[in-house]
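Bear in mind these aren't lab numbers, they're just calculated from the coordinates by the rules spelled out. Here the structure is a predicted model, which is why all the values come from computation and not from measurement. All Cβ positions, glycine included, derive from the backbone under ideal geometry; neighbour counts span all protein chains shown.
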Amino acid sequence: MKKSLAVLALLIGGSAIARPAPLVSIPTHDAFFDKIAAHCGKAYQGKVTLDNQGPSKFNEAKLVMHVRRCNEKELQVPFHVGKDASRTWIITKTGSGLSLKHDHRLENGDDDLSTMYGGHTVDAGFTNVQSFPADQYSKELFVSQGIPQSMGNTWQMYIYDDKFTYRLVREGREFRVDFDLTKPITPPKAPWGYKD
């Protein structure tokens, strides 16, 4: 009897080890992720609604977000600024929260010198709002590029039925773009470094 229980325990233990690890997250992260994923395949136009450093190319260009690729763990959302298709937001479930990375590419598809910066949630956030304070990789990148003020960056994303917002804040700096989710537009071509 003891031998058969030991074999059974070994079999159960062995099957648990072979089973893929589940995606571990909490309800507010899942709900936020799912709200964006619900727009998969769609694109929306936006506009700068706040920039305390004054007009820039973001104010003058057509701004488009495209919820381009989605799976149960990752969302890829290119952010087109006119003809500049260098930016893709990557939102990932990490098992300890959500990560936001900015994948910046050159027109030939190579990595920009400033790429994959971003942050990770540090709390539950909310179903409609998540914040991503700069992570260590990003802080080191900003220092090496001579922009140490960016170490204090926090990126925020808000999603409601009618609006998606991308916001950057740090001491003395605030930038915000709002996208109208009520009016889908024709999706743009793949961003630089990606294929349709």
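List of remarks:
- Filtered residues of the stretch 157-196 (kept if within 19 Å of H104 (Cα to Cα), among the aliphatic types (A, V, I, L, M) and without any contact (Cβ under 8 Å) to a residue 40 or more places away in the chain): L168
- Residues within the stretch 171-188 that are within 30 Å of L113 (Cα to Cα) and out of contact with any strand residue (DSSP E or B) (no Cβ under 7 Å at 6 or more places or on another chain), tallied: 3
- Condition check for T127: hydroxyl-bearing (S, T, Y) and under 17 Å from A38 (Cβ atoms): yes
- Scanning the stretch 140-168 for residues that are farther than 30 Å from L181 by Cα, of a type outside the set (S, T, N, Q) and touching a strand residue (DSSP E or B) at 6+ places or on another chain (Cβ under 9 Å) turns up L141, F142, M151.
Results for (1) more than 16 Å from the chain's Cα centre (by Cα); (2) farther than 22 Å from D161 by Cβ, shown as yes or no for each residue.
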{"residue": "F33", "(1), (2)": "no, no"}
{"residue": "A43", "(1), (2)": "no, no"}
{"residue": "N52", "(1), (2)": "yes, yes"}
{"residue": "N59", "(1), (2)": "yes, yes"}
{"residue": "H66", "(1), (2)": "no, no"}
{"residue": "H104", "(1), (2)": "no, yes"}
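- R170 vs. criteria out of contact with any Lys or Arg (no Cβ under 6 Å at 6 or more places or on another chain) and basic (K, R): yes
- Looking only at the stretch 119-156, and only at residues there that are at negative phi and in contact (Cβ under 8 Å) with a residue 60 or more places away in the chain, the one that is surrounded by the most Cβ atoms within 10 Å (Cβ to Cβ): Q130
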